[in-house]
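Scroll down for the structure; my scribbles are underneath it.
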Amino acid sequence: MFFVYILFLEKLNGYYVGITDEVQRRLSEHNTMVYQGSFTSKGIPWELRFSYECESSAQAYRLELFIKKMKSRKFIERLIEDKNIIKDMLVSYSS
């Protein structure tokens, strides 16, 4: 299983989009700054705002890329509020 996830950091008032095979472990890694020098090492605590289970790693990578290419805070916030939006995205990005 692979997941697309979105984290929020109040300190930066910003979001981070990523993929993982285990959401809680990955959140813990972000919050313990396992990867020094990464974007998420700029502060803690990161809060999980969204996660979605994908059918495959390929699908997860495509969805992550789509969300990042949108470069839109409003889009991310709409996605968090209404998970049904991702179903529309999957029509275009199915594996």
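Only residues that are outside any helix (DSSP H, G or I), touching a helix residue (DSSP H, G or I) at 6+ places or on another chain (Cβ under 9 Å) and open to solvent by less than 60 Å² (accessible area, probe 1.4 Å) were counted in region 49-68, giving 4. The requirement of being in contact with a Ser or Thr (Cβ under 6 Å, 6 or more places away or on another chain), farther than 15 Å from LEU7 by Cβ and in a loop (DSSP other than H, G, I, E, B) is fulfilled nowhere in region 69-88; no residue meets it. Here TYR16 clears all of (1) open to solvent by less than 80 Å² (accessible area, probe 1.4 Å); (2) within 16 Å of LYS68 (Cβ to Cβ); (3) at pLDDT below 95 except the condition numbered (3).
Taking the stated definitions as given, is SER28 free of Cβ contacts under 8 Å to residues at least 40 places away in the same chain and either among the basic types (Lys, Arg) or outside any loop (DSSP other than H, G, I, E, B) (or both)?
yes
Within region 53-72, residues that are farther than 16 Å from LYS83 by Cα reach partners that are open to solvent by less than 50 Å² (accessible area, probe 1.4 Å) and at pLDDT 90 or above with beta carbons closer than 6 Å, at six or more positions or on different chains, in the pairs LYS68/VAL17.
The values are calculated or read from the model by the stated rules, or taken from the named source; none is laboratory data. What you see is a predicted model, and the numbers here were worked out from it, not measured in a lab. For neighbour counting, all protein chains shown are included, and Cβ atoms are generated from backbone atoms with ideal geometry for every residue, glycine included. Each accessible area value is taken on the protein alone, full model and side chains, heavy atoms only, with ligands, DNA and RNA left out. Shrake-Rupley method; radii C 1.70, N 1.55, O 1.52, S 1.80 Å.
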